[in-house]
Amino acid sequence: MPATTTRTAAEQPTFIRSDYVVLGAGTLAVLAAAVTRFAGGGAVLPFVCSAVAVTLLASLVGRSVEQLGDRFGPGATGVLQSALGNLPELFIALFALKAGLVGVVQAALIGSILANLLLVLGLAFVVGGLKHGTQQLDSERARSIIVLMVLSVAAMVVPSLAHYVHTPAAAHEKTLSLIVSVVLLVLFALTLPSSLRKQPSGAEQDPDHTEAPRWPIWLAVGLLAAAAAAAAFVSDWFVVALEPAMGALNISDAFAGLVIVAIAGNAIENVVGVQLAAQNRSEYAFAIVINSPIQIALVLAPLLVVLSAVFGFASLTLVFAPMLVVSVVIAVILTAFITFDGESTWIEGAALIAVYAVIATSFWWG
Amino acid sequence: MPATTTRTAAEQPTFIRSDYVVLGAGTLAVLAAAVTRFAGGGAVLPFVCSAVAVTLLASLVGRSVEQLGDRFGPGATGVLQSALGNLPELFIALFALKAGLVGVVQAALIGSILANLLLVLGLAFVVGGLKHGTQQLDSERARSIIVLMVLSVAAMVVPSLAHYVHTPAAAHEKTLSLIVSVVLLVLFALTLPSSLRKQPSGAEQDPDHTEAPRWPIWLAVGLLAAAAAAAAFVSDWFVVALEPAMGALNISDAFAGLVIVAIAGNAIENVVGVQLAAQNRSEYAFAIVINSPIQIALVLAPLLVVLSAVFGFASLTLVFAPMLVVSVVIAVILTAFITFDGESTWIEGAALIAVYAVIATSFWWG
Amino acid sequence: MPATTTRTAAEQPTFIRSDYVVLGAGTLAVLAAAVTRFAGGGAVLPFVCSAVAVTLLASLVGRSVEQLGDRFGPGATGVLQSALGNLPELFIALFALKAGLVGVVQAALIGSILANLLLVLGLAFVVGGLKHGTQQLDSERARSIIVLMVLSVAAMVVPSLAHYVHTPAAAHEKTLSLIVSVVLLVLFALTLPSSLRKQPSGAEQDPDHTEAPRWPIWLAVGLLAAAAAAAAFVSDWFVVALEPAMGALNISDAFAGLVIVAIAGNAIENVVGVQLAAQNRSEYAFAIVINSPIQIALVLAPLLVVLSAVFGFASLTLVFAPMLVVSVVIAVILTAFITFDGESTWIEGAALIAVYAVIATSFWWG
């Protein structure tokens, strides 16, 4: 890894403009969320403020990990990003489970996968395609990521399929979900060593991205700890504000989880993926966007199942509502075909967004 | 487009032998259909005559569009063909909806897709493979068409899936179908500009097909108008004759729509696709055969949903019978895998026909 | 075929060490199975002995066919292997049908496909990947085999889909199963000529495998006849011992068929596939492993349906339990995507094994 040797670790913090924006806006949003939460801001305002705050804290966590991780080599950075990048989603899901909102959490897990595979990938194809024409996807790496994604999601949906079509298994859905969760976590653990060696976040193929760390280690660790702690609080407020807001806006639980929570929880990854496509770094954009569903299937969902069993929260199983299963299967198969196609056009992107719109609409009525 | 400049527009009509055959046989078939329709021809004869007449009129429409379109450049011809090539199918479906035969129309829409993807593609593979050995399909263009087809059909079947597995959506199937139809039509409109520029009918890759227009513009327009008008009448007779004929032959509604109406409505495209494969123009054959399901999913089906709502006909939704959904999903996935395979053999063709036979058989009992 | 001319047919039998092992162990296992069967060996011991004996007899049948077939050229060997290699599975299924164990037979048919596509392929990827790094699969041949496999399995599962989602067809499941079986057998017959010409078992791509036949023809025929006859007896004992053993071990019928009978019936192919991957002959391993599901779908399953109707055994149809259909569809789609990926890694292998484990677990409860 010659990249790390040529970089000089920052001794003094150097903030670039976007750092100031995220820090400033994040602090403001957390304050606004706290004020609207405790001073009474009606039904909708606390929800909006805490959603914005969660998103900005997620961005801050991502920045801190990036600054921190450069010191451990690119492989470790990827693993750190995998582990901590989903932290806000994990907090939201845990608080929602504590509040008994199992349906919202399940819809949000599948919704995150749908949003990444259909909406974000579609937007990336449209933006990239309109700016740069047909973009290439045909690398061994892209196909390898997509195959792992297909396999992970397939394993994750088996308990649902068994529940709905295999009567004897239905009575044992908790046991089956726990076994499958352990299998998924073991599979994730098996992929870790090669992730540590290679570069799961796609930085390998991204030679432009070779800037030295700008923050000294104490600042990166400090900001990471502060952002994570704040994210834990704000996630709680977000969940508390969710139900009244959905009631006021007349939005069903399923739609709220599938669309709103899912998009809020992935906002940063979403923006980054589209930005990269706009810069014609389509392979890197693809890796970022597809990596998220893999993490949801291999880590986030099984971890939540295990944690909800351990902590005695509302029992989360891997038995998703039938339409969630159908939707995720469609999304996965479509994405796989598009990847094997080897190139993306903006029309394919528009069609992906159309499929997302159609699926989201069908969840509008609860 | 140098091709259009080297062509000299015909001032005098030049009829080749096949023109005479189609015109003559078409006129005879329309007369026979009229006679058997109004003079009483039993239960089966009017149906057979009107089916043959519809097929020949469809061929005449196709020829007129081809002669006409050459004047507007190849892109516009493709769009005209897209728009007018499905005219007979549209007429049949509208009259069938007026007669309340919603099940027949839905079965015919899916049956057209199945017939193209399984039967016609299978026949093309068998004929092409036996004559020319293994044929290549592995072009970016083929994969790009198939991806758009998969995406279109996926969006089209979501309302059905929502209806059967997502209870709250079932009560809103009309609204959901209308929304999805509008999304599909918008998607089609988005693909139009690039279709006008490129050549959707595959003529680009078909340098052998460079003959000058043989008919002057007044003849092409006149024949197009006459054929379209006749098609409207004969479609009506075809629909009127359908029910008694099916009763006499003891054929169920589902089978009639899925197999008989679907094959009659696509007869010309079917023959052309197989002929092209026999001439070893497998890429062009493939483009013709796969283009039809795209048009059904993006234009014909959503247009019928919108028109049936506007005109107050028997209400057509995009909620297809479950076995229709299952069949179309199988057909689409099989075709996609075969395309990504990159080559076709006659055994793959035989297997496609076997799958078609098996699916058609399962619809025999209603 | 110059290979056959350079080989000198053995006049005197030459036994290599593995011949002695298989012959000796096979004889012992058959004796042990007979003793435990008739002298009373409890519930579990007769089952284990007869399972081992069936496996070793399957290996002996394979060896005899290989020695015999070299005289008829490589194509005929492949067809002979196809025909006789599944003999033990056929015997077991027939005796099980005679004993009324329809559910076990159906689970074993699907279980064989699952075991090959998920477990054995997964093991082959893990062993091959850990020893040799990323292995290539990207040959026209691999994609061509996988497409035939997808098509065969698709045709085989249509009666199940029709049964569950298309009410009118459910009343005619026997007729539909018989028709589909005949279609599948015709499709198999159509593939025979090209199999006789080419080399279906993949020996073509395996130049290392050019040893001359070691056994004279009388010995090959004699051992084949003896092994087949013994396999018939031992299959009967295996089926008789199955139910008490499952009862004693508290294993459900579905799990017994899907996992235990399926793995026992395919043990030799399984071991050979993994061995070949370990020797970095990944293309050959792949051909062996994928060939088995094709034979099950095109020959074994339809033949059993026809034979059960002809002999008046417990009526076997192609209407499989829903979870069996779902599982085989998942396995087929996953395998197809992995093949089109063009290369295999040990992580993909681990993920395939994980999916197998998850599916097998969901059948644990009957």
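The values are calculated or read from the model by the stated rules, or taken from the named source; none is laboratory data. A quick note: this is a predicted structure, and the numbers were derived from the prediction, not measured. Every residue, glycine among them, receives a Cβ derived from its backbone with ideal geometry; neighbour counts consider all protein chains shown. In case anyone asks, the SASA skips ligands and DNA or RNA and just uses the protein heavy atoms, side chains included. Shrake-Rupley method; radii C 1.70, N 1.55, O 1.52, S 1.80 Å.
Of note:
Okay, residues lined up against (1) at pLDDT 90 or above; (2) under 21 Å from residue B:150 (Cα atoms); (3) not polar (S, T, N, Q):
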site	(1), (2), (3)
B:38	no, no, yes
B:56	no, no, yes
B:65	no, no, yes
B:70	no, no, yes
B:78	no, yes, yes
B:117	yes, yes, yes
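- Inter-residue pairs, beta-carbon under 7 Å, first over 18 Å from residue C:63 (Cβ atoms) and in region C:217-240, second among the polar types (S, T, N, Q), 6+ apart: C:237/C:50; C:238/C:50
- Filter result for residue C:313 (surrounded by fewer than 24 Cβ atoms within 10 Å (Cβ to Cβ) and more than 7 Å from chain A (Cβ to nearest Cβ)): yes
- Note on region A:334-350: residues that are within 7 Å of another protein chain (Cβ to nearest Cβ) and either within 18 Å of the chain's Cα centre (by Cα) or hydrophobic (A, V, I, L, M, F, W, C) (or both) amount to 7.
- Once region A:355-366 is narrowed to residues that are crowded, with 24+ Cβ neighbours inside 10 Å and free of Cβ contacts under 8 Å to residues at least 60 places away in the same chain, the residue that is farthest from residue C:340 (Cα to Cα) is A:362.
- Region C:337-351, residues that are touching a residue at least 40 places away in the same chain (Cβ under 8 Å) and closer than 17 Å to residue C:136 by Cβ: C:338, C:339, C:340, C:341, C:342, C:343, C:344, C:345, C:346, C:347, C:348, C:349
- Flag if residue B:194 is of a type in the set (Gly, Ala, Ser), part of a helix (DSSP H, G or I) and modelled with pLDDT of 90 or more: no
- For region A:169-187, the tally of residues that are facing chain C (nearest Cβ under 8 Å) and touching a helix residue (DSSP H, G or I) at 6+ places or on another chain (Cβ under 8 Å) stands at 8.
- Across region B:176-191, a minimum of one residue is classified as within 27 Å of residue B:141 (Cα to Cα), in contact with a Leu (Cβ under 9 Å, 6 or more places away or on another chain), modelled with pLDDT of 85 or more and surrounded by fewer than 18 Cβ atoms within 10 Å (Cβ to Cβ).
- Verdict on residue B:304 being part of a helix (DSSP H, G or I), open to solvent by less than 20 Å² (accessible area, probe 1.4 Å), more than 7 Å from chain C (Cβ to nearest Cβ) and in contact with a helix residue (DSSP H, G or I) (Cβ under 9 Å, 6 or more places away or on another chain): yes
- Residue count, region B:322-332 (criterion: within 7 Å of another protein chain (Cβ to nearest Cβ) and either under 15 Å from residue B:154 (Cβ atoms) or within 20 Å of the chain's Cα centre (by Cα) (or both)): 2
- Region C:136-159, subset of a type in the set (S, T, N, Q) and surrounded by fewer than 24 Cβ atoms within 10 Å (Cβ to Cβ), residue nearest to the other protein chains (Cβ to nearest Cβ): C:144
- Screening the candidates C:290, C:330, C:260 for the property of being part of a helix (DSSP H, G or I), within 26 Å of residue A:185 (Cβ to Cβ) and not charged (D, E, K, R) yields one hit, C:330.
- Residue in region C:256-277 that is more than 9 Å from chain A (Cβ to nearest Cβ) and among the charged types (D, E, K, R) present: yes
- Qualifying residue in region A:112-131 (condition: open to solvent by 20 Å² or more (accessible area, probe 1.4 Å) and under 19 Å from the mean Cα position of the chain (by Cα)): yes
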